[in-house]
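All remarks here apply to the structure that follows.
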Amino acid sequence: MSKPYILLLEDDRWLADSYAVSIESADHEVVVTDSAQSAIDIVDEYGAPRALVADVMLAGGTVFSLLNEMGSYEDTKHIPVILNTSVDVGQFHQQYLDSYGVIGVLDKAKSTPNKLIEMIKICLVSRDGMVAR
Amino acid sequence: MNEGSRILRGNSEWGSLGMPSVLAAAHELKAPLVLIRQLSYQLENDGEMSQTQSQASDRIRMTAERALRLVENITRTANLDDAMFALEPVQVAGLWHDVMDETALLTGEHQQTVRLSVPRKAVVAIGHRELLRATLLGLYDNALAHNPHGGTIRLSAKRQRGRVVLSIRDEGPKIDAKSYKTLEYRLGKSAQPIGARPGSSGLGLWIAGVFARAMSAELTVTRHRRGGMTFSLDLPASGQLSLI
């Protein structure tokens with residue numbers, strides 16, 4: 001990995017490709033993956049990403065098992081997270097989301113590429129401030 | 001009963017089709033619509049499109065967004081059984097402004113003019129903000145679908161004998177008396193027969209009726225002699241601001 005990267009976890013390949021184009025257009029390196037397990041493998045190989053952009057519903061479960069796993073290691077527990085989802089996350093308490101380092105939630109049906117880039121910027125600022133989980 | 005804490009339970013509206021299959025279908029539809037919408041943004045951001053291509057991309061996105069609204073509303077109707085809706089005072093002028101903001105691009109694309117008429121003094125109804133917003137968006141989509149090119153859509157809100165009436169009037173084609181009777185009878189109860197108003201199954205109106213009932217509101221329709229329809233949502237008024 002030539003420079004710090006954004007990890008994009010999205011199981012719809014075409015959607016993932018399109019988000020990746022948007023993120024790269026803002027001069028971020030992106031690594032795309034489609035499962036929680038492969039996300040862990042990528043982190044093991046390349047080190048912790050600057051931020052994680054993740055769908056909530058994944059094949060075989062939700063993203064929260066991954067977030068729980070990342071939260072248990074020193075090098076990954078401060079990774080800021082953006083949830084990019086079609087699920088109504090209003091059902092989750094803010095405190096619950098905070099505990100997983102979720103900085104923001106985007107509704108796939110209403111968000112735009114610009115909003116995603118803005119949210120990543122916020123994440124990176126938050127990361128530099130080392131927001132603790 | 002305190003109006004802010006009033007709670008209603010909705011009814012399942014899907015009969016033998018069953019909620020799980022409806023929810024599954026809605027979820028399956030949502031994913032490709034989200035993808036279509038996202039790809040239209042990607043095309044736009046790539047630049048180098050002609051005006052015609054850019055317009056086509058905008059229309060693809062707006063069509064996907066309209067379909068997404070329908071899918072989300074279908075999901076809501078299936079969840080009314082499980083949900084407990086706390087009704088609260090809602091300022092209705094703000095709701096109409098939300099609808100106008102959300103549909104501004106779509107309205108422009110259809111070359112429509114929108115006129116909003118609300119009293120100076122705040123009109124406050126008792127309802128569920130998100131359901132009301134979704135209901136009004138559905139009625140607005142319906143008006144856009146039927147209004148002629150370059151037409152006007154009139155939105156209004158008024159107090160009437162302890163109630164609040166939100167109306168949306170379009171200039172769509174005249175319909176005959178028999179079709180109108182059917183439309184009026186089935187409004188909000190079941191989908192409309194194809195052809196009641198050309199180009200519509202009445203799904204959006206049916207959803208609006210379901211949401212209205214969940215809020216103890218009533219959805220009615222008026223046919224105008226020179227063409228066009230007015231759909232009205234009649235809600236309990238809040239007395240909250242009358243003391244000010």
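The values are calculated or read from the model by the stated rules, or taken from the named source; none is laboratory data. Model, not experiment: these values are computed from the prediction. Neighbour counts are summed over all protein chains in view; Cβ atoms, including those assigned to glycine, are modelled from backbone coordinates with ideal geometry. When the accessible area is computed, the model is the full protein with side chains, heavy atoms only, and any ligands, DNA or RNA have been set aside. Shrake-Rupley method; radii C 1.70, N 1.55, O 1.52, S 1.80 Å.
What about B:M62, is it part of a helix (DSSP H, G or I), away from chain A (no Cβ under 14 Å) and out of contact with any Cys (no Cβ under 9 Å at 6 or more places or on another chain)? Before you say what the answer is, go through the steps one by one.
Numbers: part of a helix (DSSP H, G or I): yes; away from chain A (no Cβ under 14 Å): no; out of contact with any Cys (no Cβ under 9 Å at 6 or more places or on another chain): yes.
No, not satisfied.
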Can you tell me which residue within region A:5-28, out of those that are closer than 16 Å to A:I82 by Cβ and either more than 14 Å from chain B (Cβ to nearest Cβ) or among the basic types (K, R) (or both), is most open to solvent (accessible area, probe 1.4 Å)? A:H28
Do you know which residues across region A:29-47 are away from chain B (no Cβ under 14 Å), open to solvent by 30 Å² or more (accessible area, probe 1.4 Å) and part of a loop (DSSP other than H, G, I, E, B)? A:S35
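Under 22 Å from A:L15 (Cβ atoms), of a type in the set (G, A, S) and open to solvent by 20 Å² or more (accessible area, probe 1.4 Å): is that true of A:A59 in this structure? Lay out the reasoning, then the answer.
Values: under 22 Å from A:L15 (Cβ atoms): yes; of a type in the set (G, A, S): yes; open to solvent by 20 Å² or more (accessible area, probe 1.4 Å): yes.
Judged against the criteria, A:A59 is a match.
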Qualifying positions in region A:1-58 - more than 24 Å from A:D107 (Cβ to Cβ) and among the aromatic types (F, W, Y): A:Y5, A:Y46
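If you take just the strands (runs of 3 or more DSSP E) that sit entirely in region A:48-124, which of them hold at least 1 residues that are within 14 Å of chain B (Cβ to nearest Cβ), under 19 Å from A:T33 (Cβ atoms) and touching a residue at least 40 places away in the same chain (Cβ under 8 Å)?
On the way: elements: A:51-54, A:81-85, A:102-107.
Result: A:51-54, A:81-85.
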Condition set more than 11 Å from chain A (Cβ to nearest Cβ), over 28 Å from the mean Cα position of the chain (by Cα) and not aliphatic (A, V, I, L, M), scope region B:25-59, selection least open to solvent (accessible area, probe 1.4 Å): answer is B:S50
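Given the residues B:V71, B:V90, which is the only one that is touching a residue at least 12 places away in the same chain (Cβ under 8 Å) and in a strand (DSSP E or B)? Reasoning before the result, please.
Values: B:V71 fails: in a strand (DSSP E or B).
Every option except B:V90 fails the conditions.
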If you go through region B:65-82, how many residues are among the hydrophobic types (A, V, I, L, M, F, W, C) and within 11 Å of chain A (Cβ to nearest Cβ)? 3
For region B:30-53, give me each residue that is among the small types (G, A, S) and not in a helix (DSSP H, G or I). B:G47, B:S50
Quick one: would you say B:L116 is surrounded by 13 or more Cβ atoms within 10 Å (Cβ to Cβ), modelled with pLDDT of 90 or more and not in a helix (DSSP H, G or I)? yes
